[in-house]
Each structure stands twice: as C-alpha cells, then as structure tokens.
1. Accessible area of T140, 1.4 Å probe, to the nearest 10 Å²?
2. Ignoring ligands, DNA and RNA, please state the percent of accessible area on the chain from carbon and sulfur, probe 1.4 Å.
3. Sort the range 136-286 into rounded, prolate or oblate with this rule: let a ≥ b ≥ c be the square roots of the eigenvalues of the Cα gyration tensor; rounded if a/c is under 1.5, and if a/c is not under 1.5, prolate when a/b is larger than b/c, oblate otherwise.
4. Suppose we look only past 17 Å in the calculated P(r) of the range 44-164. What percent of the Cα-Cα pairs does that tail hold?
5. Could you tell me which of the pairs K34/K214; K76/K299; K5/K76; K299/K362 are separated by over 23 angstrom between their Cα atoms in the structure shown?
6. Against the globular-protein guess of 2.2 N^0.38 Å, express the Cα radius of gyration of the chain as a ratio, rounded to two decimals.
7. Under DSSP H, which helices of the chain have Cα atoms covering 27 Å or more of the helix axis and a Kyte-Doolittle average no less than -0.5?
8. Run lengths n ≥ 4 of DSSP H only: what is the helix-derived mean residue ellipticity at 222 nm for the chain, with -39500 (n - 2.57) per run over all residues, to the nearest 500?
Amino acid sequence: MEKAKISVIQLFALMFIFEMGTALVVNYGAYAGKDAWLSILLAMCGGIVLFFVYYFLFRQYPKLPLTGYIRGVFGKYVGWIVGLSYCVHFLYICGRNVRELGDLLVSSTLSETPLLAINLTLVLVMCYVIHLGIEVVGRTAEVFFVILLLLGAGGNFFVLVSGDVDFHQIRPFLEHGWKPILTTAFPHLLIFPFGEMIAFTMLLPYLNRPQLAKRAWLGAVISSGLILSWMFVLNTSVLGIDVMERSVFPTLTAVGKVNLFDFIERLDAIVVFTLLITVFFKASIYLYAAVIGIADLFKLKTYHQILFPTGTIVIFLSLTMASSFSEQGEEGFLNHYLSIAQLIVVPLLMLVVSIIRNRFKKKMNEQ
C-alpha cells in the first residue's frame, strides 16, 4: 500500500463529493413519482445501516483494504476471486461515470467535440492526480469542496428567485401509497449512490485518525442524502413531474430555465461545472480503489506501474459499453443485480462470518 495519510476533513470532502456524483444531475428516483424525495431519505437511512456493516469490518482489519480482509474472511483462494470481482466492478462503474459526463458535455456544451476527446482528457487528468498519490487527491478535494458549495448555493439561489418554482407541484404526498416509495428506495436508491460508498473501504486504512472514520462517513451520507432529496423537490417544483420523468438531466433543464431581467441566464454552465467536479473525484476514487486492489491481489510493490494501462481500460469501457445514454441505462439493468450482490449481500455475509469467527475464538480462549 501507498505510505500516505489523509485527514478526516479530506475524507469527508471526498465522500461528500463522491455521493453527489452523477446523482445530482441524472433522473434520480423518478420511479416513485412526486414522492421520490421521500424514497431518497429512506435510502439514506439504509445507507447508514450499510455503513455500520462496512465500519464493523474495517474495525476488525483497520490496516487492510477490502481486498486484503476479504481473503481473511473467505479464505485465500475464494477471497482472492471475490476481491478481484470488486476491482472489476470498480473499473466498470468508473467507466460508466466517465461516459455519463461525456454524454452530458456532448449534449449540452460541446456538441461538436468527439466523445473520445472528452473521455480521454478526463481519464488522463485522473491518472495524473492518482499518480501523485492519495494525499494530493485529498487536498484537491478540500479545495473543490468549497467551490462545490459556492456553486450549489448560487445555483439554488437563482432558481428560487427566478419565479419558476411552484412547490404545489410536489403535492399530493403519498399519491400512490408507500409501495412505489419503498420499492424505489430498496434496493434501487440504496445501491446508487449510498451502497457505492464501499469503494472507501479501500481508502480507510489511509486515514490518519481511524477513530473519526464514523463521524466523516455518517456526516457525508446524511448531508448528501438531504441535498439529493432537496434537489429532487426543487427540480420537480420547477419542471413538474411529467417533464421530470421525461428529462435525462432534470437539474440541467431546471437551472437552464432561469432568466432574471433578461440578463442573468444560461446558468446551466453551473450544473456542467458541478458535474465535472463530482464525476472527476468519483471516477478517480473508483480508479484508485481498483488499482490499489489489483496491486494488493497480485502483490505488486506499487500501483503506479499499472495505473495508465488500467486507465486505458477505463477509456475503452466508457466508449464501448453503449452507443447512447439511453442504451447505457438499459445496459446497467444487469449491473444492478450484480451490485446488489457486491454492495449488500457479500458485505452482510462477511459480517456474519466475522461475528461467528470472533465468537468461536472467544470460546476457545475461555477454554
């Protein structure tokens, strides 16, 4: 592993930006209709439960990443295979995030720019920052966290004073009962984005004060969940549920409607820049988790020697996984069920095995 340390503030910044990711812009939770904001809050509560599963395993193996202690739980050979599947998962989701950003830029601001040029540039910058180390990634996240807050506050302010907001459009509450809310929250919204935080099990060993991991993680989950829920309410209040359900990037559409005094307009650039920040860090964390996992599994001295070849794989995945954004959404349907296994089922299984093993050791010591 890299000999580096990050502070709890840097970890919180990384986690918060990671949770925002593409969820801030894409059509998130629309299956629940007007009550999707409530589904997001319920999924956030589920994310808190998942955190305690991940945190328990981290406390059992505080100096090992996920790919390290998964072999301690499942055994050398089975654990190695499962650990490799997580690395492949991280690379795949990294490629999806890069593709989603590329599609947004092509459809909104860079319509004449080839998708290859956008994805290639993003991945090269990601590889460069990761090559400098996790400390550089953490310090950079601290700076962009402040920028992200300023952009978010500015965008929300202009939307609220634009006169386009009608909060009556989110009523009536529970129009179709609790069933669509619960089925949307579990497991759909639980997996994306709250379950995706499992990537940080690869980074927690770098925390300089491990006892504060709980505070940073819970703070990031709760704050991001509240913001995502609010953004759905705001977007629905501006666009209405019918437009929301048809829109690919509802936040971009809602902010793009702002026109104050025929002077302040075209604020969709704020959304594009926000997504650029969040996707850059989210994809970087996935890429970093994948390369240090591969280095751990194959017992490499450093991850630097595989960083750029792995980045090439990410570029290839981002370009070939689908021919369009809508097709990518359909293609992600199978990945949804694989994510349930890797983000929920396997961690719960590891938790059960660890508890049983600890009790067995305790009884053996008592004898």
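The values are calculated or read from the model by the stated rules, or taken from the named source; none is laboratory data. What you see is a predicted model, and the numbers here were worked out from it, not measured in a lab. Because the Cβ atoms are built from the backbone with ideal geometry, glycine has one as well, and the counts that use them run over all protein chains shown. Heavy atoms of the whole protein, side chains included, go into the accessibility calculation; ligands, DNA and RNA do not. Shrake-Rupley method; radii C 1.70, N 1.55, O 1.52, S 1.80 Å.
1. We get 40 Å² for T140.
2. Here carbon and sulfur together make up 67 percent of the probe-accessible area.
3. Working: a/c = 2.42, a/b = 1.35, b/c = 1.80.
The shape class here is oblate.
4. 77
5. On the way: K34/K214 32 Å; K76/K299 13 Å; K5/K76 28 Å; K299/K362 32 Å.
Checking Cα-Cα distances, K34/K214; K5/K76; K299/K362 exceed 23 Å.
6. Details: Rg = 20.8 Å, N = 367, 2.2 N^0.38 = 20.7 Å.
Computed over Cα atoms of the chain, the ratio equals 1.00.
7. The answer, listed by residue number, is 36-60, 76-108, 134-160, 213-239, 268-297, 346-366.
8. Value at 222 nm, helices only, nearest 500: -23500 deg cm²/dmol.
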